[in-house]
Amino acid sequence: MTTSTTYSETTPEQPTNSATRVATASFIGTAIEFYDFYVYATAAALVIGPVFFPQTSGTAQMLSAFLTFGIAFLARPLGSALFGHFGDRIGRKSTLVASLLLMGVCTTLIGVLPGYDSIGAWAPILLCVLRFGQGLGLGGEWGGAALLATENAPKGKRAWFGMFPQLGPSIGFLAANGLFLTLAMTLDDEQFRSWGWRIPFLLSAECCAGDGGPVRAPEAA
């Protein structure tokens with residue numbers, strides 16, 4: 001009596017996630033992250049100096065404001081390495097959501113952070129910490145979104161799907177500056193400097209809470 005055994009060839013499992021969901025998740029996630037990033041850039045040019053560094057001259061205020069803006073560029077490579085490390089171990093989706101939440105929380109907290117007149121030197125110190133957190137979040141999200149898009153792309157379309165995360169920065173730039181322009185045109189100077197500039201930061205909480213794309217993004221294979 002002969003016994004025959006059939007062995008099935010094991011082939012690498014291909015990504016089965018929806019191409020539309022992958023592209024949408026990577027695009028929306030990057031757009032929101034860069035909206036937060038550019039909101040701070042615009043605020044740094046307009047109000048961060050007088051609110052958080054009022055004890056210095058006008059020139060020093062401007063330099064201090066842009067110095068805090070530059071902190072995020074130091075944090076971005078660290079965020080990329082940190083979230084990339086954990087992305088390989090716990091999955092792209094989890095780290096993508098974590099980076100979005102980190103950026104959203106830091107941006108929202110900047111929107112409610114008291115100025116120098118209220119809490120003194122703690123105001124610029126906390127501002128720098130939150131700005132560093134923004135840089136970590138953006139560094140982790142941008143790399144994660146690109147990987148999510150390319151790893152789940154259909155065969156022969158990896159370069160095409162890798163384009164979608166790169167569309168996000170321009171949308172974030174337009175949204176951030178468009179909102180500041182609208183506020184500047186509808187509020188007087190005193191209103192804008194006292195509370196109006198905080199509105200774009202606070203809207204980041206709504207963006208993160210209502211962003212279903214990355215939160216429901218399919219897991220990388």
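The values are calculated or read from the model by the stated rules, or taken from the named source; none is laboratory data. Remember, predicted model here, so these are calculated numbers, not experimental data. Cβ atoms come from the backbone with ideal geometry, glycine included; neighbour counts cover every protein chain shown.
Of note:
- When segment 161-176 is filtered for residues that are within 12 Å of the chain's Cα centre (by Cα), modelled with pLDDT under 90 and small (G, A, S), only G168 remains.
- Here F161 passes the criteria (1) closer than 26 Å to L113 by Cβ; (2) surrounded by 14 or more Cβ atoms within 10 Å (Cβ to Cβ); (3) out of contact with any Asp or Glu (no Cβ under 8 Å at 6 or more places or on another chain); (4) not acidic (D, E) except the one numbered (1).
- Filter result for L138 (of a type in the set (A, V, I, L, M), part of a helix (DSSP H, G or I) and over 15 Å from the mean Cα position of the chain (by Cα)): no
- Residue-level check: of (1) of a type outside the set (F, W, Y); (2) over 19 Å from A31 (Cα atoms); (3) at pLDDT 90 or above, R158 misses just (3).
- In segment 79-104, the residues that are on the phi > 0 side of the Ramachandran plot reach residues that are modelled with pLDDT under 90 and among the hydrophobic types (A, V, I, L, M, F, W, C) with C-beta atoms within less than 9 angstrom, at least six apart or across chains, in these pairs: G91/A220.
- Inter-residue pairs, beta-carbon under 6 Å, first without any contact (Cβ under 8 Å) to a residue 24 or more places away in the chain and in segment 172-201, second of a type in the set (A, V, I, L, M), 6+ apart: G196/L183; G196/L187
- The one condition in (1) of a type in the set (G, A, S); (2) more than 19 Å from the chain's Cα centre (by Cα); (3) under 19 Å from Y35 (Cβ atoms); (4) surrounded by 16 or more Cβ atoms within 10 Å (Cβ to Cβ) that A184 fails to fulfil: (4)
- Exactly one residue out of I171, I119 is β-branched (V, I, T) and closer than 16 Å to Y35 by Cα, and it is I171.
- Elements of type helices (runs of 4 or more DSSP H) in segment 1-107, at least 3 residues being at pLDDT below 85 and within 23 Å of the chain's Cα centre (by Cα): 19-43, 58-90
- Scanning segment 45-82 for residues that are closer than 30 Å to L147 by Cβ, hydrophobic (A, V, I, L, M, F, W, C) and surrounded by 16 or more Cβ atoms within 10 Å (Cβ to Cβ) yields F69, I71, A72, A75, L82.
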